[in-house]
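The values are calculated or read from the model by the stated rules, or taken from the named source; none is laboratory data. Everything numeric in this text was worked out from a predicted model, so none of it was measured. No Cβ is skipped: glycine too gets one built from the backbone with ideal geometry, and neighbour counts run over all protein chains shown. For accessibility, only protein heavy atoms count, side chains too; no ligands or nucleic acids. Shrake-Rupley method; radii C 1.70, N 1.55, O 1.52, S 1.80 Å.
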There are 2 protein chains.
Amino acid sequence: MRVAYVGLGIMGRGMVGNLIRAGHDVTVFNRTAERAAPFRAMGARVAASPAAAAAGAEVIGLCVTDGAAVAAVLQGEGGLLGALRPGQFVVDHSTISPADTVAFARQVADNGAAWCDAPVTGGDRGAREGTLTIMVGGEADAFARLEPYLQAMGRTIVHVGAVGQGQVVKLVNNFIGGVAMVGAAEGLLIGLSAGVPLDRIMAVCTAGSANSASLQLLADRLARADVLPGFSLSNRLKDMDLAMDAARRQGLALPLGALTAELFRERAGAGEGDLDQSVVARRYPGLFGDGGPART
Amino acid sequence: MRVAYVGLGIMGRGMVGNLIRAGHDVTVFNRTAERAAPFRAMGARVAASPAAAAAGAEVIGLCVTDGAAVAAVLQGEGGLLGALRPGQFVVDHSTISPADTVAFARQVADNGAAWCDAPVTGGDRGAREGTLTIMVGGEADAFARLEPYLQAMGRTIVHVGAVGQGQVVKLVNNFIGGVAMVGAAEGLLIGLSAGVPLDRIMAVCTAGSANSASLQLLADRLARADVLPGFSLSNRLKDMDLAMDAARRQGLALPLGALTAELFRERAGAGEGDLDQSVVARRYPGLFGDGGPART
């Protein structure tokens with residue numbers, strides 16, 4: 001397919017590489033232009049604006065930081081709005097709020113184009129290896145048309161519902177993973193403080209009811225004393241806040257989620273937002289990388 | 001081996017069945033005598049007291065409700081203390097506090113016998129099928145001697161450390177699983193309330209960073225609207241309280257664990273302690289079995 005792609009961060013770079021390798025005809029745009037250069041060498045065109053990238057494209061993929069960045073791609077100088085044509089699809093891989101998503105989709109529809117929200121999970125590695133999980137909100141016929149595009153980047157591709165519901169499911173996934181990560185930190189602390197080695201705890205817990213993706217991520221980080229992202233703490237906090245905001249709009253009271261968000265915020269406030277999300281464990285003295293029980 | 005086994009609850013019954021099938025020479029005792037009858041038919045002897053069961057046994061397994069029940073088996077009328085002989089092993093499969101465990105082990109040592117704590121995870125199904133995970137606290141040579149006994153009941157058998165540390169790891173496992181279960185309930189509520197079907201959420205979350213044993217357990221319960229235990233809410237609460245008590249003894253502040261324990265206590269206070277632990281989700285209106293979004 002003829003594809004425009006806007007946003008060459010850690011995730012976008014991996015995804016665009018796979019689109020090119022799958023044989024799609026790709027034009028990229030990135031605010032910081034030098035990030036586009038390697039893709040020119042791979043055969044992609046480089047455009048000077050989102051609007052220029054979109055010209056003639058069937059699919060316009062976005063992967064940017066947050067809702068404000070999506071708004072800038074749509075409404076800013078050289079933005080997509082006004083340049084879109086009927087029959088085009090704007091596919092947003094960013095993680096933003098469901099409410100913003102519905103508003104953006106309406107603006108795009110006013111330009112005659114269609115919107116799908118298609119946030120991803122699987123990290124930078126999944127983006128590089130084309131093994132992402134992609135959750136898609138949008139019309140069924142749009143999802144069907146986009147399959148060759150999505151298949152190039154993901155392994156598990158799920159049409160979850162209407163526009164905005166892709167973002168809802170992304171927030172659900174990240175909310176559940178966030179609570180589980182802090183719960184794992186507190187639980188491991190009980191065992192490590194009692195003198196049980198991490199590998200013995202994990203031999204049991206990965207075979208037991210404690211097992212989770214978050215537990216395994218955290219234990220791996222503790223064992224390697226590795227704090228480089230991965231998935232940054234500030235992005236984790238952003239997603240917890242988006243999930244809690246979505247919950248509040250529905251009138252839902254979620255005490256465990258509210259507390260978890262504040263525990264991540266505490267570490268962000270301590271200046272650790274650019275480190276891996278797992279440094280939330282540093283709020284528990286001795287657990288992570290300061291000579292405490294995780295070293296035993 | 002020559003085995004005595006005290007406690008024929010849901011877990012004990014499955015475990016004794018596998019001991020007999022593995023060819024061990026088994027004598028059972030249970031406070032409610034009729035529960036022993038099926039095992040007589042399978043070739044086991046039935047004793048009139050823990051002390052009588054223990055006569056001549058190499059291993060005396062216990063699987064009872066709580067620390068008070070273990071104390072009764074040791075110290076009550078016809079109890080083990082006084083009847084134990086040097087060379088015997090008392091192996092406690094109950095889930096009790098690490099502190100109580102160390103005290104019981106000392107009493108048993110005063111009788112010349114050795115103690116191992118060997119709590120299990122894997123549920124009634126794991127007990128029946130011999131696929132339990134067993135975490136063992138005790139001396140290395142005791143662990144080695146007990147292998148034929150433990151292998152008859154479990155698939156993953158881990159020597160985690162000294163006496164008491166088996167219980168520590170059990171509490172760590174159940175603590176982490178308990179927090180993850182309530183986090184999963186809150187997260188699923190966000191998605192279901194926004195109108196996304198449970199099977200679509202799970203298609204994403206089981207392939208994403210949300211994936212956990214607790215999430216899968218809860219989603220299965222919601223899909224089947226099944227509230228029969230399984231693992232009862234009052235046992236889940238007991239284990240959360242034991243874990244928090246162990247944490248407090250070490251001076252650890254665990255905010256997420258403290259809140260999670262209170263959320264389970266709330267449902268126990270609502271008279272749901274005998275139902276499956278997953279009914280903690282009922283505190284979130286509409287989530288579980290009352291015509292709310294889980295039915296969509």
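For the range A:160-177, give me each residue that is open to solvent by less than 10 Å² (accessible area, probe 1.4 Å) and closer than 19 Å to residue A:142 by Cα. Within the range A:160-177, A:160, A:164, A:166, A:167, A:169 meet the criteria. If you filter the range A:189-200 down to residues that are aliphatic (A, V, I, L, M), assigned to a helix (DSSP H, G or I) and at the interface with chain B (Cβ under 7 Å from one of its Cβ atoms), you find that the one that is surrounded by the fewest Cβ atoms within 10 Å (Cβ to Cβ) is A:190. From the list A:80, A:8, the one residue that fits, being more than 22 Å from residue A:135 (Cα to Cα) and touching a helix residue (DSSP H, G or I) at 6+ places or on another chain (Cβ under 6 Å), is A:80. Being touching a Ser or Thr at 6+ places or on another chain (Cβ under 9 Å), of a type outside the set (A, V, I, L, M) and in contact (Cβ under 8 Å) with a residue 24 or more places away in the chain is a description that applies to residue A:212.
For the structure I just gave you, tell me whether residue B:224 is surrounded by fewer than 19 Cβ atoms within 10 Å (Cβ to Cβ), within 19 Å of the chain's Cα centre (by Cα), among the basic types (Lys, Arg) and farther than 30 Å from residue A:123 by Cα.
Criteria not met by residue B:224.
Scanning the range B:201-248 for residues that are within 7 Å of chain A (Cβ to nearest Cβ) and assigned to a loop (DSSP other than H, G, I, E, B) yields a count of 5.
Selection of the range A:160-211 for residues being more than 16 Å from residue B:171 (Cβ to Cβ) and of a type in the set (Ser, Thr, Tyr) yields only A:206.
Go through the range B:249-285 and count every residue that is part of a helix (DSSP H, G or I), open to solvent by less than 50 Å² (accessible area, probe 1.4 Å) and within 11 Å of chain A (Cβ to nearest Cβ).
Summing the residues that are part of a helix (DSSP H, G or I), open to solvent by less than 50 Å² (accessible area, probe 1.4 Å) and within 11 Å of chain A (Cβ to nearest Cβ) in the range B:249-285 gives 9.
Exactly one residue among A:130, A:166 is in contact (Cβ under 8 Å) with a residue 24 or more places away in the chain and either closer than 19 Å to residue A:101 by Cα or at the interface with another protein chain (Cβ under 9 Å from one of its Cβ atoms) (or both), and that residue is A:166. Would the range B:75-93 turn up any residue that is farther than 20 Å from residue B:14 by Cα and in contact with a Ser or Thr (Cβ under 6 Å, 6 or more places away or on another chain)? Yes: the range B:75-93 contains one or more residues that are farther than 20 Å from residue B:14 by Cα and in contact with a Ser or Thr (Cβ under 6 Å, 6 or more places away or on another chain).
Within the range B:153-177, the set of residues being of a type in the set (Lys, Arg) and either in a helix (DSSP H, G or I) or within 15 Å of the chain's Cα centre (by Cα) (or both) comprises just one member, B:170. None of B:71, B:57 is within 22 Å of residue B:169 (Cα to Cα) and either open to solvent by less than 50 Å² (accessible area, probe 1.4 Å) or among the aliphatic types (A, V, I, L, M) (or both) except B:71.
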